[in-house]
1. Provide a single number: the residues in region 110-145 that are over 21 Å from the mean Cα position of the chain (by Cα) and at pLDDT below 90.
2. I need the full set of residues from region 9-21 which are in contact (Cβ under 8 Å) with a residue 40 or more places away in the chain and assigned to a loop (DSSP other than H, G, I, E, B), in order please.
3. Would you say Gln62 is part of a loop (DSSP other than H, G, I, E, B) and surrounded by 11 or more Cβ atoms within 10 Å (Cβ to Cβ)?
4. Looking only at region 70-78, decide whether some residue is under 22 Å from Arg199 (Cβ atoms) and free of Cβ contacts under 8 Å to residues at least 60 places away in the same chain.
5. How many residues does region 78-100 contain that are exposed (fewer than 10 other Cβ atoms within 10 Å of the Cβ) and farther than 30 Å from Leu205 by Cα?
6. Anything in region 114-137 that is outside any loop (DSSP other than H, G, I, E, B) and small (Gly, Ala, Ser)? List them, or say none.
7. Against the condition over 28 Å from the mean Cα position of the chain (by Cα) and surrounded by fewer than 13 Cβ atoms within 10 Å (Cβ to Cβ), how does Ser75 come out, does it pass?
8. Pick from region 26-57 the residues that are assigned to a loop (DSSP other than H, G, I, E, B) and surrounded by 17 or more Cβ atoms within 10 Å (Cβ to Cβ): which of them is farthest from the chain's Cα centre (by Cα)?
Amino acid sequence: MNLQLHNSKETIAVSDAVFGLEYKESLIHQLVTAYMAGGRAGTVAQKNRSAVRGGGAKPWNQKGTGRARAGTSRSPLWRSGGTTFAAQPRDYTQKLNKKMYRAGVRSILSELNRQQRLIVVEDITVDAPKTKQMVAKLADLGVAGSGRCGPLIVTETGDEKLYLSARNLPHVEVCDVAAMNPVNLIRSEYVVVTVGAIRAIEGSLGHSDDNQDGESK
């Protein structure tokens, strides 16, 4: 299949296996859930009765005091005691095969292409790290975001001037192919991709050992 360059009659040939797949909602849901779960820190921690300092001595005799029996002053029932069912650090990551990940990203890119939200440009650069120049670039591309959705600009390699120019614009994100992920692809109203980034994406997602279903041939 071919993708047309923005404001040009020229087209570039791209792989159907990367930009021409059907939308697999269940796979993409699993992909996004696993990606977001992997970003959770999981560092929450509370002290249970064994982790609270003190409480080693029995507060009073078992019998004869008229009070309820107690073995430690760090019981969750006591002030300064431990926490019942205390939260502990945990790992939220979910296992996701590489083939499933690649198949999900290919499905997202294909759906962006079908919805005409994938805009291909020969290149996008700025002369200096100026927000005004980035605003002009976005206006020329017709992707100036409004509300909570903005464009995602994907380049082949990192461009510091481009990143600094977009840093002060709300909901505008700039990344290279290596930093592209399912979440920023889905939440962006438009995805602006350079020709070099397209070739890099095809190289990373169009492996010969994957078919359209993300299974082995």
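1. Selection size over region 110-145: 3.
2. Val14, Ser15, Gly20, Leu21
3. No: the conditions fail for Gln62.
4. no
5. Here the count works out to 3.
6. Ala136
7. Criteria not met by Ser75.
8. Checked region 26-57; the qualifying residue farthest from the chain's Cα centre (by Cα) is Gly55.
The values are calculated or read from the model by the stated rules, or taken from the named source; none is laboratory data. Values in this document were obtained by computation on a predicted structure and should not be read as measured data. Neighbour counts are summed over all protein chains in view; Cβ atoms, including those assigned to glycine, are modelled from backbone coordinates with ideal geometry.
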